[in-house]
Amino acid sequence: MKVKIFFCECGGNISENLDLKALKKELTSSGTEIFQHPFLCSPEGQAFFEARILPGEGVLVGACSPHLHGPIFKELSEKRRAQAFHLVALREEAAWLGKKGAYRRAMGLLKGALRALSYYRAPVLKKFPVTEGLLVIGGGIAGLSAALKAAEKGLPVYLVEREPFFGGKAVFLDRLYPRLECASCLVSPRLSALIQQENLHLFPLTHVFEVKGRPGAYEVTLEERPRYVDSERCHGCGECLRVCPVNPPAITMDPPHPVPRAPVIHAARCLHFRGESCSRCKEVCTRKAIRFEQTPRLHRLKVGGIIVATGFRPYPAEKIPYYGYKRLPGVITLWDLERMFTRQENIYGFNGESPRRVAVIHCVGSRDRRHLPYCSEICCSLALKAGILLRERLSAEVYHFYLDLRLKTPEGEGLLRRAKEEGIQFIRGQVAEISEVPLTPEDEGRLTLLAEDTLGSEQRVWAVDLVVLVPGFVPETGSEEMASLLRLCPDRFGFFSPREEKTAPVETLRKGIWIAGAASGPKDLSESVLSGEAAALEALLFLETPSFWAETDWIEWEDRRCGRCWLCVEVCPFKALHIDLERLKVEETLCCGCGLCASACPSGALRMKPFPREAHLQSLEVLFGET
Amino acid sequence: MKIAVHNLLSCGGCDPVFFLEESPEFFRKAEVIFWNKVKDETLKVFRKIPDQGIEIGFLCGAVKSPEHEEVVRLFRRKCRTVVAVGACALWGGIPGLLWIRKEGPRPLSSLVVPDLSIPGCPPEGSTWTVYLQGLLSGRPPGPSEEPVCQECPRDRHPFRLSDFKRFPETEPESRGCYLSLGVFCAGAVTQKGCGARCLRAGYPCLGCYGPPAGLTARGERLLSAMVSALVPQKATEALKNWRDPAGSLYRFDLATHPLVRKGKCGRSD
Amino acid sequence: MKPRIIGFLCEWCAARALENLAFCHPELPVGFQPFRINCTGSLELEVVIKALTEADGVLVAGCPPGECHFREGNLRAGLRLKALKRVLSALGEDLRRLRIIWLSSGEGERLGEEIHKFYRELSLEDRGS
Amino acid sequence: MRKIRLETVSRIEGALSLEIKVDSRDNLAGISWKTDLFRAFESLGVGRPLEEMPFLTARICGICAEAHHLASLQAAEEGLGISPPEGIRKIREAFGLISWLRDHLTVLLLFSGPDLESFPSPDSLSWLEKTGLWDLFLENRKHLRRMLEIVGGRGHLALGGIPGGWGKKISSEERKELGERNERVLLLARKTWELYWEKTVSQPFLWPVQSPLVALSPEGSEVLVLPPGKNKPLRFPLSRFYETLVESEEGSFLKRINLPPFGAYLVGPLARFYLFPSPDFPLSREAHQALKNIGEPDLSRASLFRAYEVLWAAERLKHLLPELPINHSLSFAPLKPVRKQGLGAFEAPRGLLLHHYTFDLDAVIKTVKIITPTAQNLGVISDCVPRFWPYWPLTEEKNLLFEIQRFIRTFDPCVPCMVHLLRNRSPRDSSPEKEGQRKIF
């Protein structure tokens, strides 16, 4: 195979740090044709590039990082039916790493790549049919936004929610940042729309049990737990809720806008299920909707794609003992507070009375190496909003303890001003301890809060009635199982990583699976909706085409070399390999070409494309031999 | 047919004297020029043979001393066909493990290129026959690409490991693949041809037939496979309890390891 | 012989870290040769041995735990290299010659520091890096 | 002073070269042996798992691999504090006997066969052809290879043993096959005995033994020592015997093994003959009786004793085979040593073989000591050379070398087995020009 080399000068970035002439001379001597262009990525440069490639040739580009223009050059050379393609980052890996070593490094890269090219095995482009259904996992605001959009366009959508009601955490918000508008007024229309959409199939109280198949044709098994209330019959009158003798009641319909509008019976609390002969709810129901006899049900679906919107949960504040959460009365989290607001419950302080002084503690667990080393971005806004509500509704003195205030949107600053005008205090510092020991005898019945005021550079103590902890965001429980079920890649904190953080934020490495909402990192309501709809758009684009082309065949299996230990089947992180009558089958759409199987295979029966192990070994060989 | 046979650094177990019964006609017709196990003849006489004067020279064992080197070169010169027999000749064999202490033997292939290499420690009779007949009929066989696993009777399923095991620590009557039991069985990195003898006799494969054709770094490959099977949570503990890394990976071929050849390993104590 | 270090850099983190570093135009030791790989999990031990045989040092840089682009490639690579170190030590090899680091794409500066530190610790600077 | 050099001692197991110094009055001034065969199994074993030793040590010697295998197993088992069940013991005994048969027959019909002729002797293959035994010998080697394969799993270089058990199961068809093949072997055994009897018994009495004879007692727990001129053997517990042995350095790399207060001693077929009770089997009892009548132990007739043992082993095997368990259940010993050391002993074809290991609590080897029959006999050989020197034909060098080789061959020495003879030299004191060459004495 004849290989042509293309050097990009990168407008001097490469050519001024690297003696391209000398490189050319040394490489031409081995019979390779070399072209050079000042800006290979420019339209003119691309044309220059394209015009010089002949079918069947190998192409080696020495330019900038493969992440930048790599795909363009690759596409062009494929268009010209080049047999092999490789790109080395002459700019980042040679020219810019110091003039002294630039030439040697460049030579190593180029000669290694040249040798590797002779082992190049092109992956195969294949066509796969697509089923049109869409599974959305998670019925929070992101998931339902995605589901609605997709269903609106006519796709069959299956929305799965683990809890008995849809809406996620948003339905338990009272007011929204930054304009303090009514949350439910904004969220509830979306919830109502869920029921209207006939393409949308709702699965509350359901979890994903198994996912098989491939992009475009997943076979999903869902397991629906019993509600014990027939939501078809129930019209949500709520009579049953009133007669339940258990406290807290065993039959509930918590959210302000319950969807579906039918209560749920919690078997663990229900007297009927604990062997007592109670059936008051059943007796009172005129619609005969109570169904004690319900059992878990399995649903099998065929879908073409999956949107994962499993959301977040607040960091468990009880993991930080010195805040006293779940130990001291009067210490609650922001999410407890929101729930109390939405249910219009009374709010009590440490001594059981309406609080007169409230501390709002930001960054609970956040930006702390022992807990969450990152900032969740959203919580400051939520905390500020809660502080204002506490001030305005309870006329309490409010103190914010923060590390840095990160307020989003242009209106954020205005809200902060409003808070300050209302007399809310902002103390920059870390809270060291909250204790029930009164500060002075007069403070009997109040909590003592010790904090470092970093602006005043002193340790100070406050007596407060209520502490509102504002924890950072962590992935919702169960997202780890979801990751392994769908073979997604979580980052080190457990959030799902997008394919490209900036340019493909809702795509995952897996074709046919997208992420939406806070499952990929902390997001506020609008961002969640945004990413939900973005995911829906991606899903639509994918599912509305009858088939897709994909580069496949990343792994070659050699029958006669295989010892059939089948370790590869177990090792594959994407479950792309299986055994079929003593032969290894690669599920082409599941295989990501990571190479873990090939590097685990003892007998060398598996080889990676486009560069098998020999390419690496030979690259090293020339690198050591010639440079 | 004139033949010569000699053992270099070896146990003598690959000497053609052990294969007489496998090729009775060959040996009956052979004219033994030099073979100290069956004939009172000295190297002196052998040196006087004209170059290429002997049809087949069989060499067993590894090379350690200058005398060994001399014999190897002599054989290459005097014999039209040089046949290397056994793991020591091919890869240094078990004594190659001495390289851990910087003074092991080398395979004879590091000095001359043999025309035929018969693998095994020792080769099975059937292997000897296949190779010799192939040679005599002008189609000398090379190493097989297929691993011992293809001859192994044990059952195989996808597996994960929580620990490495030494083979007596496994369930005695278990029929499962040794890898899946956590044993460093070399079957997957060893060429077939022995009929999986050891595996049929209750031993894991120790790897004496050497790598299948084209397979390099078999020790590293076996290691990579075994570690890849480990459940991550148990891996540290398993690695800590792993005995004799060098012996279990390079039992017969440490002498051919690139780091050994480069003189980059081995401690002198 | 001029000293040489091979840096096996994971495409998704370390190679990008090097790119980030490159934007600052650092002066890296002459003998440092980057070698891009798809994922540390695809790096075969044979290739590492090959590099160790010829180079003075081998650096393997992969993604931090839990951040692998391919779910668990870095985890596997970490275990394999750890095991390989056990083997190398059984063979009497100098373990300092093989270094494994985990870093994310943003940690270009750290990568630079690690490379310099590696050079210092192997005393390669004296040989005219 | 003149030097007589022999580059290779022929028809023995392994490569050995010889240099003899003779003074002007034809007196022996010194004899030195050299070998390049030092493979350092004693240091090679260090760090290996105990359970692998039976396999590894079988690679010490190609011809008596099975003996090493069995001695090694026993050493491992002693350390692990277990003894295999009766059935396994019988399988092992059968395994040992088959290997005895193959070893002895190979030595008798290939190595020392031509020694029955006068100088210059033919090569072994022509000799076999001439004797008319070629076909029968090869047929039987095939039988024996197959028998080893049935019992141990591999036809050549031992396998099968796992501490506490035996890995290869024997089916009832296989057991039947063993019996049938053994009948053929018995036939060759008879012919071999007859041939040796006929050729040897008429020869003059040459080299009387003046050293004590040593053998492992038949049940394996004791070592029997018969000092010269005595009728009743002394009995040592095995470990006492091992501890009593003294190694002294002789020459630069030689270790000589002495049994105080006797000094050098002889192991092997001769020793066994005079220390073991007479057998109960018809053919070997008759042979035993015949041998008893020819007089004192004589080295020149060692091969005859070997031939007798072939007869005995085939007959013993015949009685043993029906007792072998069919498809025995496998069992492995837990790798938890109860002692820090283990000693294994086996009466190898060439004589008493000892394996001694120490190991850590994980059953990983710390030290290895292997005392082979050849190592033990070396003292006697070195004492005998000057004694017999005057009787050898000095005038003709070729003839002399032949006689000396013939003398050496009567001991059936095994050079690869001489592992223990050589001190493990550190690389520092090796001089480059002598690299790999070790002087034996």
Q: Report the residue count in segment A:378-414 for those that are on the phi > 0 side of the Ramachandran plot and either at pLDDT 90 or above or not assigned by TED's automatic domain parsing to the domain that holds A:TYR323 (or both).
A: 1
Q | Residue tally, condition within 29 Å of the chain's Cα centre (by Cα) and either aliphatic (A, V, I, L, M) or within 19 Å of A:LEU337 (Cα to Cα) (or both), over segment A:388-413 | A | 4
Q: Could you list all residues from segment A:11-28 that are closer than 19 Å to A:LEU114 by Cα and not in a loop (DSSP other than H, G, I, E, B)?
A: A:LEU20, A:LYS21, A:ALA22, A:LEU23, A:LYS24, A:LYS25, A:GLU26, A:LEU27, A:THR28
Q: Please tell me if D:ARG25 is more than 9 Å from chain B (Cβ to nearest Cβ) and at pLDDT below 90.
A: yes
Q: Spot the failing condition for A:ARG274; the list is (1) under 30 Å from A:LYS212 (Cβ atoms); (2) more than 39 Å from the chain's Cα centre (by Cα), and only one is missed.
A: (1)
Q: For segment A:283-315, enumerate the residues that are buried (at least 24 other Cβ atoms within 10 Å of the Cβ) and part of a strand (DSSP E or B).
A: A:ILE290, A:VAL303, A:GLY305, A:ILE306, A:ILE307, A:VAL308, A:PHE312
Q) Within segment D:149-170, which residues are among the aliphatic types (A, V, I, L, M), more than 7 Å from chain B (Cβ to nearest Cβ) and within 16 Å of D:ALA65 (Cβ to Cβ)? A) D:VAL151, D:ALA158
Q: Pick out, from segment A:152-224, the strands (runs of 3 or more DSSP E) lying fully within it that include 3 or more residues that are closer than 17 Å to A:ALA535 by Cβ.
A: A:157-160
Q: Look at A:VAL331 and say whether it is touching a helix residue (DSSP H, G or I) at 6+ places or on another chain (Cβ under 7 Å) and at pLDDT 95 or above.
A: yes
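Per-residue answers, yes or no, for (1) free of Cβ contacts under 8 Å to residues at least 12 places away in the same chain; (2) more than 17 Å from A:LEU18 (Cα to Cα); (3) touching a strand residue (DSSP E or B) at 6+ places or on another chain (Cβ under 8 Å):
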{"residue": "C:ARG16", "(1), (2), (3)": "no, yes, no"}
{"residue": "C:GLU27", "(1), (2), (3)": "yes, no, no"}
{"residue": "C:GLY31", "(1), (2), (3)": "no, no, yes"}
{"residue": "C:ARG36", "(1), (2), (3)": "no, yes, yes"}
Q: From the list D:PRO114, D:PRO120, pick out the single residue that is within 11 Å of chain B (Cβ to nearest Cβ), over 21 Å from the mean Cα position of the chain (by Cα) and either in contact (Cβ under 8 Å) with a residue 40 or more places away in the chain or not in a helix (DSSP H, G or I) (or both).
A: D:PRO120
Q | One residue from A:ILE14, A:ILE53, A:ILE72 being on the phi < 0 side of the Ramachandran plot and touching a Leu at 6+ places or on another chain (Cβ under 6 Å) | A | A:ILE14
Q | Filter result (touching a helix residue (DSSP H, G or I) at 6+ places or on another chain (Cβ under 7 Å) and surrounded by 19 or more Cβ atoms within 10 Å (Cβ to Cβ)) within segment A:192-222 | A | A:LEU194, A:LEU200, A:LEU202, A:VAL208, A:VAL211
Q | Positions within segment A:463-508 being over 14 Å from the mean Cα position of the chain (by Cα) and of a type outside the set (S, T, N, Q), in sequence order | A | A:ALA463, A:VAL464, A:ASP465, A:LEU466, A:VAL467, A:VAL468, A:LEU469, A:VAL470, A:PRO471, A:GLY472, A:LEU485
Q.
Checking D:ILE63 against (1) under 17 Å from the mean Cα position of the chain (by Cα); (2) farther than 30 Å from D:GLN341 by Cα: exactly one of these is not met. Which one?
A. (2)
Q) Could we say that B:LYS48 is without any contact (Cβ under 8 Å) to a residue 24 or more places away in the chain, at the interface with chain D (Cβ under 9 Å from one of its Cβ atoms) and out of contact with any helix residue (DSSP H, G or I) (no Cβ under 6 Å at 6 or more places or on another chain) here? A) no
Q.
Looking at A:ALA598, A:ALA615, A:ALA605, can you tell me which residue is over 24 Å from B:ARG160 (Cα atoms) and modelled with pLDDT of 95 or more?
A. A:ALA615
Q | Selection from segment A:219-263 of residues that are among the acidic types (Asp, Glu) and at pLDDT 90 or above | A | A:GLU219, A:GLU223, A:GLU224, A:ASP230, A:GLU232, A:GLU239
(Q) Just checking, does segment A:573-591 include any residue being within 14 Å of chain C (Cβ to nearest Cβ) and touching a His at 6+ places or on another chain (Cβ under 9 Å)? (A) no
Q) Tell me, which strands (runs of 3 or more DSSP E) lie completely within segment A:428-524 with 1 or more residues that are surrounded by fewer than 19 Cβ atoms within 10 Å (Cβ to Cβ) and free of Cβ contacts under 8 Å to residues at least 24 places away in the same chain? A) A:447-453, A:458-464
Q | Only one of B:ALA229, B:ALA188, B:ALA255, B:ALA225 that is within 18 Å of D:ARG48 (Cβ to Cβ) and buried (at least 23 other Cβ atoms within 10 Å of the Cβ) | A | B:ALA255
Q. Across segment A:578-604, what is the total count of residues that are within 22 Å of B:GLY214 (Cα to Cα), out of contact with any Leu (no Cβ under 8 Å at 6 or more places or on another chain) and not in a strand (DSSP E or B)?
A. 2
Q. For segment B:1-34, which residues satisfy the criterion of being within 23 Å of B:GLU124 (Cα to Cα), more than 8 Å from chain D (Cβ to nearest Cβ) and without any contact (Cβ under 8 Å) to a residue 60 or more places away in the chain?
A. B:ILE3, B:VAL5, B:GLU25, B:LYS29
Q: Restrict the check to segment C:54-63 and report whether at least one residue is surrounded by 24 or more Cβ atoms within 10 Å (Cβ to Cβ), within 8 Å of chain A (Cβ to nearest Cβ) and either among the charged types (D, E, K, R) or under 30 Å from B:GLY96 (Cβ atoms) (or both).
A: no
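Quick grid of which residues meet (1) within 14 Å of chain D (Cβ to nearest Cβ); (2) more than 25 Å from the chain's Cα centre (by Cα):
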| residue | (1), (2) |
| --- | --- |
| B:ARG197 | yes, no |
| B:PRO204 | yes, no |
| B:TYR209 | yes, no |
| B:PRO212 | no, no |
| B:GLU220 | no, no |
| B:ALA225 | no, no |
| B:SER228 | no, yes |
| B:PRO232 | no, yes |
| B:THR236 | no, yes |
Q) When only residues in segment A:608-627 that are in contact (Cβ under 8 Å) with a residue 60 or more places away in the chain and small (Gly, Ala, Ser) count, which is nearest to the other protein chains (Cβ to nearest Cβ)? A) A:SER619
Q: Go through segment B:89-117 and give me each residue that's touching a strand residue (DSSP E or B) at 6+ places or on another chain (Cβ under 9 Å), farther than 16 Å from B:GLY57 by Cβ and in a helix (DSSP H, G or I).
A: B:TRP91, B:PRO95, B:GLY96, B:SER110
Q | Any hit, segment A:173-188, residues being closer than 27 Å to A:GLU544 by Cβ and buried (at least 18 other Cβ atoms within 10 Å of the Cβ) | A | no
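The values are calculated or read from the model by the stated rules, or taken from the named source; none is laboratory data. The model shown is predicted, which means the values in this text are computed figures rather than measured ones. Cβ coordinates were reconstructed from backbone atoms using ideal geometry, including for glycine residues, and neighbour counts include every protein chain displayed.
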